[in-house]
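The values are calculated or read from the model by the stated rules, or taken from the named source; none is laboratory data. On a predicted model such as this, the values are computed, not experimentally measured, just so you know. Cβ sites come from the backbone with ideal geometry, for glycine too, and all protein chains shown count toward neighbours.
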Amino acid sequence: MDEQPLTYYQQMQKEGYSRRDFLKFCSWMTALIGIEASGLSQVIYAMETKKRIPVVWFHFQECTCCSESFIRSSHPIVADIILNKISLDYTETLQAAAGKQAEDALHAVMKNNKGEYLMLVEGSIPTGNDGVYCCIGGRTAEDIVKEAAENAKAIIAWGSCASNGCIQSANPNPTGATPVHKIISGKPIINVPGCPPIGEVMAGVIVHLLAFDRIPQLDGLGRPKAFYSRRVHDTCYRRPNYDAGLFVETFDDENAKRGYCLYKMGCRGPVTYNSCGVIKWNNGVSYPIQSGHGCIGCSEANFWDNGPFYQHLASFPGFGIETTADTIGVAVGAATAVGIAAHAITTNLKKRKLIAEEINHSETASVDKKGDE
């Protein structure tokens, strides 16, 4: 007789976790994915009662940094809890099986769990020259993706490679590297960009799917708003230095030693949406800006082609970076600044006119009142 699949809580108990550990994990994940405290009971109930969801995890054009980030997460041992709590039935990087056994396992999951398995993709998919640049088991990555997506419950694109093409799609993109959402349509797709994404962010996306049986709220680029709704610039601990006009001019100057803002050194924090400044890496120890290097915008599309990493964004006296906060490039930034300047001038003129009218109205009313007396 086949063994009945365990729930997430039962599996955690089997792994030696206490009830306290389980509740701490649920509380932490609830907060991490942006669910208010009243939703904690729903997360706990789901983890206590739901069976482990079947998962297939593909690796195509990538360096495996997403998996590395995920399995090296800590607090509270995300990789152990998540990888043991989902039914990870296929992944080229972590599975013991190889060759025919691995392929049989993949097709068994897709056949026996139609509409119920979760499809995770790491890496871009090459489409040039009929997709010959990435083949597994004699089949192209594009063929595999299309087959697996057909009956998947949802698709998660891990990292910038799968979300927007990343370095492989940089000019001149010889392999025709393509993100998942440009190949698959008609399926829920969650983009989790970053090179790599933060491990806890990856775990949070999975837990949201498990607990609520639906994808999290996404922005216009298909990214979970819980993690990609604010710019790195907005949560950066160096932001007060930016506001005060205190900048690093060269990486070896005194300002760098004092921890001043890295904007002039090319930091892309003002145009990059991610949780780096809040969640960080390595159990919340640090992130690139904290280590002294500016953000390179790795979670944004085309970051590799968006100009030299050490060339700072356009800025304009009197308006600051906010005028170009969501646009990279001097030309576009200049146009934005002109528009803002015109708007500011028009607004000021309107305000002055209203003030003058108010003064005239007050004076007229005063004269009328005296006449009545």
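Observations on the structure shown:
- Test result for L218, outside the structural domain of G269 (by TED's automatic domain parsing), of a type outside the set (S, T, Y) and surrounded by fewer than 17 Cβ atoms within 10 Å (Cβ to Cβ): yes
- Only listed residue being in a strand (DSSP E or B) and either at pLDDT below 95 or in contact with a Cys (Cβ under 9 Å, 6 or more places away or on another chain) (or both), chosen from L94, L88, L106, L83: L88
- Taking region 208-225 as the range and being in contact with a helix residue (DSSP H, G or I) (Cβ under 9 Å, 6 or more places away or on another chain) and within 16 Å of W158 (Cβ to Cβ) as the test, the residues that pass are H208, I215, P216, L218, L221, G222, R223, P224.
- Look at region 41-65: where a residue is surrounded by fewer than 22 Cβ atoms within 10 Å (Cβ to Cβ) and of a type in the set (S, T, N, Q) and a partner is at pLDDT 85 or above and not in a loop (DSSP other than H, G, I, E, B), sitting 6+ places away or on another chain with Cβ atoms under 8 Å, you get T64/E122.
- Residue in region 270-293 that is under 23 Å from G307 (Cβ atoms) and part of a helix (DSSP H, G or I) present: yes
- Top-ranked residue in region 256-280 [being surrounded by fewer than 19 Cβ atoms within 10 Å (Cβ to Cβ) and either among the aromatic types (F, W, Y) or out of contact with any helix residue (DSSP H, G or I) (no Cβ under 7 Å at 6 or more places or on another chain) (or both); ranked as nearest to Y228 (Cα to Cα)]: K280
- Exactly one residue out of K114, K100 is over 24 Å from the mean Cα position of the chain (by Cα), assigned by TED's automatic domain parsing to the domain that holds K146, at pLDDT 90 or above and basic (K, R): that is K114.
- Where P308 falls short, out of the listed (1) assigned to a loop (DSSP other than H, G, I, E, B); (2) touching a Lys or Arg at 6+ places or on another chain (Cβ under 8 Å): (2)
- The one condition from (1) over 24 Å from W304 (Cα atoms); (2) of a type in the set (S, T, Y); (3) surrounded by 21 or more Cβ atoms within 10 Å (Cβ to Cβ) that Y237 does not meet is (3).
- When E322 is tested against the conditions (1) under 25 Å from G194 (Cβ atoms); (2) at pLDDT below 80; (3) surrounded by 14 or more Cβ atoms within 10 Å (Cβ to Cβ), the lone failure is (3).
- Look at (1) modelled with pLDDT under 80; (2) among the charged types (D, E, K, R); (3) under 18 Å from E200 (Cα atoms) and you find that R52 fails only one, number (3).
- Hey, I77 crowded, with 17+ Cβ neighbours inside 10 Å and either modelled with pLDDT under 85 or in the same structural domain as G284 (by TED's automatic domain parsing) (or both) or not: no
- Residues in region 260-269 that are in contact (Cβ under 8 Å) with a residue 24 or more places away in the chain and assigned to a loop (DSSP other than H, G, I, E, B): L262, G266, C267, R268.
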